[in-house]
Amino acid sequence: MPHRQLSLRKRCENILGHLDLTHPFSLDDLCARIAEQRGRPIRLHPLPKEAAESGVCGLWVGTAGVDYVFYEAQTTPLHREHIVLHELGHILFGHNSLEAGESDGSVPVVLGRTNYTTRQEQEAEMLASMIRIRTSHAGPRTPARHRGTLARLESAMGYERGTGGG
């Protein structure tokens, strides 16, 4: 595994170590815990139609008192959840908007998700995927075709179930 990916995985694991991921997983509970840690609410909203039509599927808008997470509503529930997890990844990594520059806190921080080319996008995407992996149940009731997919994802990310990974 390349050094940069290993470093990214370790940074994600450090953040995951501070999250109390519940089983069964609840996105609302996770949002509430992150909001409590940050001392400000997280509000989830469907993306405005114009934003969704422009190709954006997720958006985080951080103001002085509230974090707004917008998600594409016209998709599957699993994809909606992943979009929200990705935007939470930006929040948990403490990302700032590249466009905002220096701010006194009165200007909203805006990050739009349209591709995965930047380091921040890679960090948020890896964290979202690792949360999904750690909170999914690949037990006997999970169909074999899903267990294989989950195992391949875990292997690709260097995560092995049952080795202290969470």
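Here are some residues: Glu87, Glu123. Which one is farther than 23 Å from Asp28 by Cβ, open to solvent by less than 30 Å² (accessible area, probe 1.4 Å), modelled with pLDDT of 85 or more and within 18 Å of the chain's Cα centre (by Cα)? Don't jump to the end; show me each part of the working.
Values: Glu87 fails: farther than 23 Å from Asp28 by Cβ.
Glu123 is the lone residue from the list that is farther than 23 Å from Asp28 by Cβ, open to solvent by less than 30 Å² (accessible area, probe 1.4 Å), modelled with pLDDT of 85 or more and within 18 Å of the chain's Cα centre (by Cα).
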Do the conditions hold for Leu19, that is, is it outside any helix (DSSP H, G or I), modelled with pLDDT of 90 or more, surrounded by 14 or more Cβ atoms within 10 Å (Cβ to Cβ) and of a type in the set (A, V, I, L, M, F, W, C)? no
Return the residue satisfying two criteria in turn: it lies in segment 65-81 and is of a type in the set (Asp, Glu) and more than 12 Å from Ala52 (Cβ to Cβ), and of such residues it is most open to solvent (accessible area, probe 1.4 Å). Glu81
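Of a type in the set (Val, Ile, Thr) and over 19 Å from Glu125 (Cβ atoms): which single residue out of Thr75, Thr63 fits that description? Can you show your working first?
On the way: Thr75 fails: over 19 Å from Glu125 (Cβ atoms).
The unique qualifying residue is Thr63.
Name the residues in segment 22-31 that are under 26 Å from Gln74 (Cα atoms) and either outside any loop (DSSP other than H, G, I, E, B) or of a type in the set (S, T, N, Q) (or both), would you?
So in segment 22-31, the residues under 26 Å from Gln74 (Cα atoms) come out as 24-31.
Within segment 22-31, Ser26, Leu27, Asp28, Asp29, Leu30, Cys31 meet the criteria.
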Give me a count of the residues in segment 40-49 that are at pLDDT 90 or above and open to solvent by 30 Å² or more (accessible area, probe 1.4 Å). 6
On the given criteria, is Ala52 open to solvent by less than 50 Å² (accessible area, probe 1.4 Å), more than 21 Å from Ile15 (Cβ to Cβ) and among the aliphatic types (A, V, I, L, M)? yes
Tally of residues being under 17 Å from Phe93 (Cα atoms) and assigned to a strand (DSSP E or B) across segment 32-81: 9
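The values are calculated or read from the model by the stated rules, or taken from the named source; none is laboratory data. Source: prediction; values computed, not measured. Virtual Cβ from ideal backbone geometry, glycine too; neighbours counted across all protein chains shown. Ligands, DNA and RNA are stripped out before the accessible areas are found, and what is left, the full protein with its side chains, is counted by its heavy atoms. Shrake-Rupley method; radii C 1.70, N 1.55, O 1.52, S 1.80 Å.
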